[in-house]
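S.K.: The structure follows.
The values are calculated or read from the model by the stated rules, or taken from the named source; none is laboratory data. Nothing here was measured: the structure is a model prediction, and the numbers come from that model. Glycine gets a Cβ as well: all are built from the backbone with ideal geometry, and neighbour counts include every protein chain shown. In case anyone asks, the SASA skips ligands and DNA or RNA and just uses the protein heavy atoms, side chains included. Shrake-Rupley method; radii C 1.70, N 1.55, O 1.52, S 1.80 Å.
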Amino acid sequence: MTADLDGRIGEGWGGVKPNGSHVNVVLARRGSATFAAAVSMLAQPSPGHTPVLVCVGPEEKQYEPIWPPTLMMNKATARDATHETITWGAAQLGIGQGVLDAVADGLLEATDEVLVLVAVWVDPTASDETAVRVANRTAVRKAIGMCVEGRSAEAAAQLVARRDSLQSPFYGGE
């Protein structure tokens, strides 16, 4: 099963802005080029963007990694202490819970044969840690579902049919 998942991509949204979250997920099989590219991300932090192995625990000395191993990278530059704490605290915990939900639902196995890569957007004005955690849990579970189960051909066809009337909340033109 893990070989079939290599390179699968999904996305998910959870919650409501500013405490909602958007994620992109890539699954990678150990030994693949996808896996190598994902792991190399750990060696390339930049100011405001720190890739981490998703770990949980009540305090640092009790951390344990999520299984399957999960790497997260923030898409929004962490600019202040609050945004950093919410990103690497609430969002990281929610990401871990979402991955474990996918394991509990039988979408992934708790093995090191598959790596889960999560690129996460947390709004710089987010303020509710619990809402951000829940949003990330929801978004990651949805994205992994898309990776594993795919997207229906009908949904893709409908998108093509609507291509001239598509919208984006970040586009104000006509």
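S.K.: Inside the range 6-41, can you point out the residues that are open to solvent by less than 30 Å² (accessible area, probe 1.4 Å) and more than 19 Å from ILE95 (Cα to Cα)?
M.R.: Scanning the range 6-41 gives a single hit, SER32.
S.K.: Using the structure shown, decide if VAL103 is β-branched (Val, Ile, Thr), modelled with pLDDT of 95 or more and under 14 Å from VAL54 (Cα atoms).
M.R.: Judged against the criteria, VAL103 is not a match.
S.K.: Next question. If CYS147 satisfies all but one of (1) part of a helix (DSSP H, G or I); (2) surrounded by fewer than 16 Cβ atoms within 10 Å (Cβ to Cβ), what's the number of the condition it fails?
M.R.: (2)
S.K.: Looking at ASN19, is it in contact with a His (Cβ under 8 Å, 6 or more places away or on another chain) and of a type in the set (S, T, N, Q)?
M.R.: Values: in contact with a His (Cβ under 8 Å, 6 or more places away or on another chain): no; of a type in the set (S, T, N, Q): yes.
No: the conditions fail for ASN19.
S.K.: Moving on. Residues SER46, SER21: which one is within 28 Å of PHE170 (Cβ to Cβ), of a type outside the set (Asp, Glu) and under 13 Å from the mean Cα position of the chain (by Cα)?
M.R.: Working: SER46 fails: under 13 Å from the mean Cα position of the chain (by Cα).
Of the residues listed, the single one that is within 28 Å of PHE170 (Cβ to Cβ), of a type outside the set (Asp, Glu) and under 13 Å from the mean Cα position of the chain (by Cα) is SER21.
S.K.: Taking the range 150-174 as the search range and keeping residues that are open to solvent by 60 Å² or more (accessible area, probe 1.4 Å), of a type in the set (Ser, Thr, Tyr) and in a loop (DSSP other than H, G, I, E, B), which one is nearest to GLN97 (Cα to Cα)?
M.R.: In this case the residue turns out to be SER152.
S.K.: Within the range 77-87, how many residues are surrounded by 18 or more Cβ atoms within 10 Å (Cβ to Cβ) and either assigned to a loop (DSSP other than H, G, I, E, B) or in contact with a Leu (Cβ under 7 Å, 6 or more places away or on another chain) (or both)? Steps first, please.
M.R.: Filtering the range 77-87 down to residues surrounded by 18 or more Cβ atoms within 10 Å (Cβ to Cβ) leaves 78, 83, 86-87.
Still in the list and also either assigned to a loop (DSSP other than H, G, I, E, B) or in contact with a Leu (Cβ under 7 Å, 6 or more places away or on another chain) (or both): 78.
Counting residues in the range 77-87 that are surrounded by 18 or more Cβ atoms within 10 Å (Cβ to Cβ) and either assigned to a loop (DSSP other than H, G, I, E, B) or in contact with a Leu (Cβ under 7 Å, 6 or more places away or on another chain) (or both) gives 1.
S.K.: Moving on. Touching a strand residue (DSSP E or B) at 6+ places or on another chain (Cβ under 7 Å) and not small (Gly, Ala, Ser): which single residue out of VAL54, VAL16, VAL103 fits that description? First the steps, then the outcome.
M.R.: Values: VAL16 fails: touching a strand residue (DSSP E or B) at 6+ places or on another chain (Cβ under 7 Å); VAL103 fails: touching a strand residue (DSSP E or B) at 6+ places or on another chain (Cβ under 7 Å).
Residue meeting the stated conditions: VAL54.
S.K.: What do you reckon, is THR125 surrounded by fewer than 23 Cβ atoms within 10 Å (Cβ to Cβ) and either in a loop (DSSP other than H, G, I, E, B) or small (Gly, Ala, Ser) (or both)? Spell out how you get there, then give the answer.
M.R.: Values: surrounded by fewer than 23 Cβ atoms within 10 Å (Cβ to Cβ): yes; either in a loop (DSSP other than H, G, I, E, B) or small (Gly, Ala, Ser) (or both): yes.
Considered against the rule, which asks whether it is surrounded by fewer than 23 Cβ atoms within 10 Å (Cβ to Cβ) and either in a loop (DSSP other than H, G, I, E, B) or small (Gly, Ala, Ser) (or both), THR125 comes out as yes.
S.K.: Is there a residue in the range 135-142 that is in contact (Cβ under 8 Å) with a residue 60 or more places away in the chain, in contact with a His (Cβ under 7 Å, 6 or more places away or on another chain) and not in a helix (DSSP H, G or I)? So that I can check it myself, show each step before the final result.
M.R.: Pass one, the range 135-142, residues in contact (Cβ under 8 Å) with a residue 60 or more places away in the chain: 135-142.
In the following step, the residues that additionally are in contact with a His (Cβ under 7 Å, 6 or more places away or on another chain) were identified as 139.
Restricting the remaining residues to those that are not in a helix (DSSP H, G or I) gives none.
No: the range 135-142 contains no residue that is in contact (Cβ under 8 Å) with a residue 60 or more places away in the chain, in contact with a His (Cβ under 7 Å, 6 or more places away or on another chain) and not in a helix (DSSP H, G or I).
S.K.: State whether the residues of the range 88-103 include one that is open to solvent by 80 Å² or more (accessible area, probe 1.4 Å) and either touching a helix residue (DSSP H, G or I) at 6+ places or on another chain (Cβ under 6 Å) or part of a strand (DSSP E or B) (or both).
M.R.: Among the residues of the range 88-103, not one is open to solvent by 80 Å² or more (accessible area, probe 1.4 Å) and either touching a helix residue (DSSP H, G or I) at 6+ places or on another chain (Cβ under 6 Å) or part of a strand (DSSP E or B) (or both), which makes the answer no.
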